[in-house]
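The values are calculated or read from the model by the stated rules, or taken from the named source; none is laboratory data. Worth saying up front: this structure is predicted, and the values here are computed from it rather than measured. Here Cβ is always computed from backbone atoms with ideal geometry, including for glycine, and neighbour counts include all displayed protein chains. We work out accessible area using only protein heavy atoms, side chains counted, and drop any ligands, DNA or RNA first. Shrake-Rupley method; radii C 1.70, N 1.55, O 1.52, S 1.80 Å.
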Amino acid sequence: RQHRRMQFQRPPSIAIIADAHFYNLAGDCGVDGIGVGEPKMALRPFADVVKSTRVFNEADNALRYALDDIVARGIRHVVLLGDYSDDGQVETLKGLRALLDVYRERHGLRFFATPGNHDIFGPRGRHRRKRLLNRHFGYDLVTSNPAQQAGPGDSAVFVTEGMRCLGYPEGLQALPPMGFFRNGDDLHWETPFGTDDMPEARQYDICSADGEITHSLMDASYLVEPMEGVWLLMIDANVFVPLAGSSGDGEDAFADSTDAGWNAMLVHKRFVVDWIKDVSARAKNLGKVLIAFSHYPALDPLDGTGDDELAVFGATSLSRRIPRPDVGLTLVEAGIRVHFSGHLHVNDTSSRVDENGFLVNVSVPSLVAFPAAYKIVRIETGRLLIDTVSMDAMKLELDIMDIYRTEAREAGIEAAGLLSAGDYGAFLSAHLGHLVGRRYLRREWPEELAHAVTRLDLFDLAVLAVTGELAINGLAEDIRIRRDAPGITDAITARAVAAGLAPSSLSSIPVMTFLGDWYRVKMGSDLGLDAIVPANLDAYRFLSGLYAERKWEAGAAQAAFGRLWCMFDRFISGLPSRNFSIGLATGDIDRSET
């Protein structure tokens with residue numbers, strides 16, 4: 001092929017799905033299952049749904065819904081940004097393969113994937129275990145580990161190889177054509193190791209931290225040109241570091257990749273970075289539009305709020321997965337300009353600009369967590385146009401919802417908002433709101449602060465903002481005393497009225513309602529704003545302004561709430577994340593209304 005700059009013609013659109021977490025409801029897990037009619041479903045308990053950061057039993061329908069919408073739009077190229085499976089189980093991959101084959105054969109879809117931390121593990125895989133609901137509304141534990149013991153509340157233990165998560169390359173070979181191996185329809189295909197697609201030709205050495213243990217693992221990165229002039233750089237950013245003192249190459253020999261991501265890539269897979277630099281240089285010389293994809297974010301997708309979150313909560317599961325600044329620096333120097341990521345289930349756009357160029361990271365939300373959506377990329381001359389397609393209108397499966405209600409009644413699970421939801425968007429919004437009290441306050445918040453917020457309303461926070469500093473310990477009682485001080489209520493009411501708020505509005509909004517919305521905009525940015533009642537948003541902005549008027553001493557309750565309001569403001573005022581465009585020469589980001 002001649003090395004000449006091509007004359008640009010508009011290529012087809014590309015759909016991008018992240019974190020589908022497909023779960024095979026019809027999978028053979030060796031248990032009877034539950035359901036109405038036949039076949040019975042391998043249903044995950046509602047008791048587990050309400051504690052998890054994602055839903056499970058809706059994943060099959062959500063992926064079908066997204067793919068049907070993609071087909072209806074006439075799009076034929078689909079990127080799966082990792083965590084395409086629930087947990088890489090044999091039965092789940094079997095169901096995923098059958099589903100994607102239907103869309104390949106019936107609708108002509110082409111899939112290109114990057115692996116995620118849930119899809120595959122090391123060279124040999126690992127055991128998985130899941131609780132399934134049985135017909136008596138009890139819980140059966142299904143596992144691939146013969147040594148697994150029953151836990152509290154487990155009715156029985158079933159052992160099946162269908163629950164095992166596969167390793168490299170077996171887990172990739174169990175899938176339909178998804179780009180990991182050469183396809184004759186592509187104009188170009190390569191890996192960091194050359195053009196040989198065999199697993200044994202794509203090995204690299206990785207060492208334990210002490211340098212004593214070295215393993216040879218497969219890297220599944222590839223570059224593909226599925227359409228003239230467009231290069232998709234599909235990066236395998238899974239990093240499985242050998243554990244010091246381990247033996248063999250089983251699951252106990254490697255660290256989990258969940259918190260590793262690009263931070264570990266710079267240490268253990270520098271050869272991928274070198275390859276990226278070479279690819280980007282060739283793309284520029286040949287006039288190709290280069291778009292990079294990996295499961296893990298390359299820039300902070302949380303609007304630079306990491307220091308605030310660390311100060312309020314300490315190190316959370318999400319904060320541990322934020323890439324360091326040197327990741328963005330390295331990728332800018334390597335020539336990457338636009339990178340799409342998943343993993344955090346966040347809808348957001350982040351950008352880095354320095355003397356070497358720019359990098360825009362587009363975080364694509366999950367299909368099974370709020371806010372469920374996928375993205376579409378259209379390539380125009382000099383720009384990428386990105387649209388976000390919401391999944392909110394998807395109908396809920398009535399049989400599954402009826403089973404949830406029965407289980408909730410039998411087990412005493414309080415989750416009325418989920419059980420009364422009219423569509424998928426309302427279900428996921430209620431699910432996230434439920435997680436605030438059921439998961440986040442319990443696991444991530446300081447105990448005294450978590451206790452206080454369940455007993456306060458926004459008027460209490462207004463009182464806190466205009467009085468002297470208070471300790472978090474005993475905060476609710478102290479605020480009640482301050483609230484009764486002469487003139488406090490009148491002063492706050494006057495300021496609220498001047499801001500256009502009804503006098504009673506602050507007292508009618510519990511802090512727990514605000515925290516649900518705080519997490520919605522944290523995860524959804526522009527999409528999270530859609531879920532907030534407009535009057536509540538006005539009240540939040542009023543409170544944010546009160547806390548911004550003063551600087552608070554570290555350790556004071558006001559300092560913690562001040563940081564929460566500051567983070568909220570950043571979440572709702574960041575770069576466009578719904579419909580926008582990116583300039584390929586300058587990195588400028590413009591909001592669009594398409």
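Taking only the alpha carbons of region 65-161, what extent do you get along each of the three principal axes, in Å, biggest first?
On the principal axes, region 65-161 reaches 49, 36, 18 Å in Cα extent.
If the chain between E549 and A494 were fully stretched, how many nm would it gain, using 0.36 nm times the residue separation less the Cα-Cα distance?
Result: 18.1 nm gained on full extension.
List the residues whose amide H sits under 5 Å from the amide H of V79, counting only those 5 or more places along or on another chain, with H placed 1.01 Å from N in the peptide plane.
Long-range HN contacts for V79: A15, I16, I17, F112.
Could you check the simple spin-label distance between Y204 and L187, using points 7 Å along Cα→Cβ, in nm with one decimal?
That separation, rounded to one decimal, is 2.7 nm.
Roll a 1.4 Å probe over the protein chains and send me the accessible area per residue for region 105-172 in Å².
Normalised by residue count, the accessible surface of region 105-172 is 43 Å².
So how far, in whole Å, is the C-alpha centre of region 107-155 from the one of region 409-461?
Value for the Cα centre distance between the two parts: 27 Å.
Work out how much length R405 to A72 would gain on full extension: take 0.36 nm times their residue separation and subtract the Cα-Cα distance, in nm to one decimal.
Result for the pair: 116.5 nm of gain on full extension.
With Kirkwood's inverse mean 1/r over C-alpha pairs for Rh, give me the Rg to Rh ratio of the chain, two decimals please.
Across the chain, the Cα-based Rg/Rh ratio is 0.98.
For L243 and D538 in the same chain, what is the full-extension length gain: residue separation times 0.36 nm, less their Cα-Cα distance, in nm?
101.1 nm
Amide H neighbours of W552 under 5 Å, counting only residues 5+ apart in sequence or on other chains, H built in-plane at 1.01 Å?
Sorted by chain and number, the residues that satisfy this come to none at all.
Under the rule of -39500 (n - 2.57) per DSSP H run of 4 or more residues, summed and divided by the residues of the chain, what mean residue ellipticity at 222 nm is obtained, to the nearest 500 deg cm²/dmol?
-10000 deg cm²/dmol
Check which residues have an amide H placed less than 5 Å from F254's amide H, if you skip close sequence neighbours.
Those qualifying (amide H under 5 Å, at least 5 residues apart or on another chain) are L243.
Rounded to the nearest whole Å², what accessible area per residue is found for region 211-313 with the 1.4 Å probe?
Using a 1.4 Å probe on heavy atoms only, each residue of region 211-313 averages 32 Å².
Quick one: the Cα spread of region 214-264 along its three principal axes, in angstroms, biggest first?
Between the extreme Cα coordinates on each principal axis of region 214-264 lie 49, 20, 15 Å.
At a 1.4 Å probe radius, carbon and sulfur cover how many percent of the accessible area of the chain?
Carbon and sulfur: 49 percent of the exposed surface of the chain.
Just need the Rg to Rh number for region 388-439, please, alpha carbons only, Kirkwood Rh.
Rg/Rh: 1.00.
Quick one: Karplus J couplings for region 353-359, per residue in order, coefficients 6.51, -1.76, 1.60, θ = phi - 60°, nearest Hz, x for Gly and Pro?
Coupling constants for region 353-359: 10, 9, 5, 8, x, 9, 9 Hz.
Send over the semi-axes of region 253-293's equivalent ellipsoid, whole angstrom and largest first, taken as the square roots of 5 times the C-alpha gyration tensor eigenvalues.
Calculated on Cα positions only, the semi-axes equal 28, 11, 6 Å.
Past 26 Å, Cα to Cα, is the threshold; run K288/K522; K94/K522; K94/K288; K94/K130; K288/K375; K130/K375 against it and keep the listed order.
Pairs exceeding 26 Å: K288/K522; K94/K522; K94/K288; K130/K375.
Would you kindly derive the ³J(HN,Hα) couplings of region 365-377 from the backbone phi angles with the Karplus curve 6.51 cos²θ - 1.76 cosθ + 1.60 (θ = phi - 60°), listing them in order in whole Hz, with x for Gly and Pro?
Per residue, the Karplus-derived 3J(HN,Hα) values read x, 7, 7, 10, 8, 5, x, 5, 6, 10, 10, 10, 10 Hz.
Suppose each label sits 7 Å from its Cα in the direction of the beta carbon; what would the E170-A502 distance come out to in nanometres?
6.2 nm
Hydropathy at least -1.0 by Kyte-Doolittle, axial extent at least 18 angstrom from the Cα trace: which helices of the chain, defined as entire DSSP H runs, fit?
Membrane-span-like by this rule: 59-72, 90-107, 270-286, 398-411, 511-524, 534-548, 557-572.
Give a residue-ordered list of calculated ³J(HN,Hα) values for region 240-253 (Karplus: 6.51 cos²θ - 1.76 cosθ + 1.60, θ = phi - 60°; whole Hz; x for Gly, Pro).
The phi angles translate into 10, 7, x, 8, 4, x, 7, 10, x, 10, x, 5, 7, 8 Hz.
How much of the DSSP bridge set in the chain is antiparallel, in percent, rounded to the nearest 5?
Of the beta bridges lying entirely in the chain, close to 65 percent run antiparallel.
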